Amino acid sequence: MTAHIPQEISSSCGTTLTEPHSWGQQSAEEKVEKAPFHSEDIRPEMKEDIHDPSYQDEEGPPPKLEYVWRNIILMALLHLGALYGITLVPSCKVYTCLTGMFYSWVAALGITAGAHRLWSHRTYKARLPLRLFLIIANTMAFQNDVYEWARDHRVHHKFTETHADPHDSRRGFFFSHVGWLLVRKHPAVKEKGGTLDMSDLKAEKLIMFQRRYYKPTVVLISIVLPTLVPWYFWGESFQHSFYVATLLRYAVVLNATWLVNSAAHLYGYRPYDRNIGARDNALVSVASFGEGFHNYHHTFPYDYSVSEYRWHINFTTFFIDCMAALGLAYDRKKVSKAAVLARIKRTGDGSHKSG
């Protein structure tokens with residue numbers, strides 16, 4: 001991304017920020033006048049997800065891949081079970097299918113509205129009842145506890161498309177989709193992840209409680225309950241309950257989430273910043289409840305909607321706005337239209353409808 005003059009951005013809560021600098025090279029004048037990180041006022045307490053353009057990969061050959069065979073075996077068994085579950089769907093009872101769908105929707109919100117937009121990026125604030133719902137929903141998703149998820153995601157934003165990016169898309173679709181979970185993390189991921197300030201999450205008792213008791217609670221909420229409920233309450237076979245309501249449902253939510261790391265970094269348009277890998281992908285947004293506007297999100301990570309269009313193919317934003325109407329969500333951060341248009345004109349790829 002080329003250097004540019006900071007633009008003012010306003011949020012829905014009345015605060016103002018300065019748009020972050022582009023990724024890549026800056027002019028000598030900017031290097032002298034500007035701090036190494038992006039100046040902003042909209043989230044004075046949150047800096048750890050802002051891209052650090054000063055970080056460069058170390059030269060030399062990459063370290064040898066170390067396979068995590070436990071993860072490889074478990075992922076293979078999960079997806080084989082999910083494929084078998086697909087064959088059982090036609091013979092499932094309606095309530096079992098509805099249970100799987102309901103679990104998928106709630107679990108997805110635990111990732112999108114919870115681990116991602118609330119806790120990783122602090123794009124809005126939530127009162128205790130909503131935080132309780134989101135922490136339970138996140139546990140249902142079974143994608144690591146919120147603390148670990150947010151740490152990896154902040155590292156991804158701060159050092160994106162470098163060796164310190166946990167799912168570096170430069171290493172191909174498979175690696176950024178699931179392969180990164182099947183091998184040991186690159187040493188740079190561990191090194192840079194350890195430098196992040198995670199004090200905001202450490203101070204949240206709810207997150208630390210989930211982290212402390214994650215293994216037993218995730219087994220109960222994500223595996224035992226969705227298997228036993230259909231079997232016990234409406235006489236579904238144990239086989240159908242386990243393979244459809246549990247394994248198939250879990251695999252679907254996992255892959256929908258992973259598409260944001262893979263497809264949304266490799267396929268699509270870059271209307272806001274043509275110089276970064278993240279792309280806007282409408283199909284990914286459909287699959288992930290609105291997380292596919294990824295070029296926008298990496299350009300403006302502090303926007304609670306992760307899109308300039310709010311509810312357009314974005315169920316998560318609709319959910320957060322509904323919670324705001326009930327008084328459970330507040331202080332939603334939103335980038336001004338003027339700032340978005342200025343960024344499009346300066347660094348976009350020309351695909352935006354305004355162009």
Reported to two decimal places, what Rg/Rh ratio describes the chain when computed on Cα atoms with Rh from the Kirkwood expression?
-> 0.97
In nm, to one decimal, how far is the K205 label point from the M101 one, both placed 7 Å along Cα→Cβ?
-> 3.9 nm
Between segment 42-56 and segment 316-347, what's the alpha-carbon centroid distance in Å?
-> 19 Å
Say we join alpha carbon atoms closer than 10 Å with springs in a Gaussian network model of the chain; which of I207, I136, I73 then has the biggest fluctuation?
-> I73
Equivalent ellipsoid dimensions for segment 231-333 as semi-axes, Å, which come from the Cα gyration tensor, largest first | 31, 20, 9
For V94, V244, what ranking results if the residue with the fewest other Cβ atoms within 10 Å of its Cβ goes first?
-> V94, V244
With springs only between Cα atoms under 10 Å apart, run a GNM on the chain and tell me which of D197, D303, D273 wobbles the most.
-> D197
Could you list the square roots of 5 times each eigenvalue of the Cα gyration tensor of segment 69-267, that is, the equivalent ellipsoid semi-axes, sorted largest first and rounded to whole Å?
-> 30, 21, 14
Report the antiparallel proportion of the DSSP beta bridges in the chain as a percent, rounded to a multiple of 5.
-> 100 percent
Name the residues whose placed amide hydrogens come within less than 5 Å of the amide hydrogen of V183, ignoring near sequence neighbours (fewer than 5 apart) on the same chain.
-> V68
By how many nm would the segment from F233 to R170 grow when fully extended, if each residue of separation counts as 0.36 nm and the alpha-carbon distance is taken off?
-> 17.9 nm
Within the chain, helix-based [θ] at 222 nm, where runs of 4 or more DSSP H residues each add -39,500 (n - 2.57), nearest 500 = -12500 deg cm²/dmol
Each label sits 7 Å from Cα toward the beta-carbon; between L80 and K125 the label points are separated, in nm, by 5.1 nm
Of the residues L83, L228, L74, which exhibits the maximal mean-square fluctuation in a Gaussian network model of the chain defined by a 10 Å Cα contact cut-off?
-> L74
Global geometry of segment 67-148, whether rounded, prolate or oblate, following the gyration tensor of its Cα atoms and the 1.5 cut on a/c = oblate
In what order do H153, H167, H312, H294 fall by count of nearby beta-carbon atoms within 10 Å, going from fewest to most?
-> H312, H153, H167, H294
Integer Hz, Karplus 6.51/-1.76/1.60 couplings in order for segment 61-77, x for Gly and Pro = x, x, x, 5, 5, 10, 6, 9, 5, 4, 5, 4, 5, 5, 5, 5, 5
If F175, F233, F318 are placed from fewest to most neighbouring beta carbons inside 10 Å, the sequence is F233, F318, F175
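None of the figures in this text is laboratory data; all of them are computed from the coordinates on show. Predicted model, so just to flag it, every value in this text is computed and none were measured. A quick note on method: Cβ atoms are made from the backbone with ideal geometry, for glycine too, and the neighbour counts reach across all protein chains shown.
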